[in-house]
Amino acid sequence: MPSTVIAKHQYFPETETLRIIYISGNVYDYLKVPAEVYEEMKNAYSKGIFLNTRIKGKYKFRKVS
């Protein structure tokens, strides 16, 4: 199902970094996200709900742009 919030997501396993590119154009990196959590996100029906309940507030982040 296409997300109304997330345009694209990428995962960098070597650094356990989850990059979220929002529809708004903002880009955030969520740090030290385990590969298993990313796999769960890929399989989630709603990526936005998963992001809000399982990623935000649980992992440190930095704004990329």
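The values are calculated or read from the model by the stated rules, or taken from the named source; none is laboratory data. All values derive from a computational prediction rather than experimental measurement. When we count neighbours, we look across all protein chains shown, and the Cβ atoms used for this are built from the backbone with ideal geometry, even at glycine. Just the protein is used for accessible areas: all its heavy atoms, side chains included, with ligands, DNA and RNA removed. Shrake-Rupley method; radii C 1.70, N 1.55, O 1.52, S 1.80 Å.
Would you kindly state the longest site-free stretch of the chain, with sites defined as trypsin sites (Lys or Arg not before Pro) in a DSSP loop (not H, G, I, E, B) surrounded by at most 16 other Cβ atoms within 10 Å? In the chain, the maximal stretch lacking such sites is 1-31.
Restricted to Cα atoms, the stretch 1-63 shows a radius of gyration and a Dmax of 10.6, 29 angstrom. Here the accessible area of the chain is 56 percent carbon and sulfur, with a 1.4 angstrom probe and all protein chains present. 3J(HN,Hα) along the stretch 28-35: 10, 9, 9, 9, 6, 8, x, 4 Hz, from the Karplus curve 6.51 cos²θ - 1.76 cosθ + 1.60 with θ = phi - 60°, whole Hz, x for Gly and Pro. Around the amide H of residue 6, modelled in the peptide plane, lie the amide H atoms of 23, all under 5 Å away and 5 or more residues distant in sequence or on another chain.
Per-residue Karplus couplings for the stretch 5-14, computed as 6.51 cos²θ - 1.76 cosθ + 1.60 with θ equal to phi - 60°, are listed in order as 10, 9, 7, 7, 9, 9, 10, 10, x, 5 Hz, Gly and Pro entered as x. Computed over protein heavy atoms with a 1.4 Å probe, the accessible surface of the chain works out to 65 Å² per residue.
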